[in-house]
Amino acid sequence: MRRVLILILSCFVVVACTTTPVDNSIPDPVDALPYKVSNTSSLPDVMLAYDNNMHAMLRAKGFRVTVDTTYVRVLRPINEVALSYDQSALANGWSIDPSLPPRDSRILRTYRLGTELSVVTLFAEANSRDGIVAMRISADR
């Protein structure tokens, strides 16, 4: 009887000592809104091509996509949005890969934490109707 009691108590101690995992994901900017593709936007075709290319590149490098691609819209200049993602990533322990130069009103950022990878691509539409659209893909090895 005493052994059973000690076994039960030790199980409680083990369960009590476990910690809940810390959420160290990179949050979207606080003013981000869910993005819905509209027929009047010039971005959907470009984003679809980027999404397909990023998935293929990640698979080729041995990563598996862990979360569906997410899209948010932010009504701020593209450099401010990029800085917001960079600051959030650094605050949560992520490292930032050297960035490629901005191209055609697009900025690509890659963040790493252990075996995790988060790729954020920022798109600025020519007429700014949609503000800055951020496409995020998360992957792991």
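The values are calculated or read from the model by the stated rules, or taken from the named source; none is laboratory data. Just so we're clear, the structure is a prediction, and the values are computed from it rather than from any experiment. Backbone-built Cβ (ideal geometry, glycine too); neighbour counts: all protein chains shown.
General remarks:
- Of all residues in the stretch 17-43 being out of contact with any helix residue (DSSP H, G or I) (no Cβ under 7 Å at 6 or more places or on another chain) and at pLDDT 75 or above, the one that is nearest to ALA139 (Cα to Cα): SER25
- Count - residues of the stretch 44-87 that are of a type in the set (Ser, Thr, Tyr) and part of a helix (DSSP H, G or I): 3
- The stretch 47-60, residues that are farther than 16 Å from ASP140 by Cα and surrounded by 18 or more Cβ atoms within 10 Å (Cβ to Cβ): MET47, TYR50
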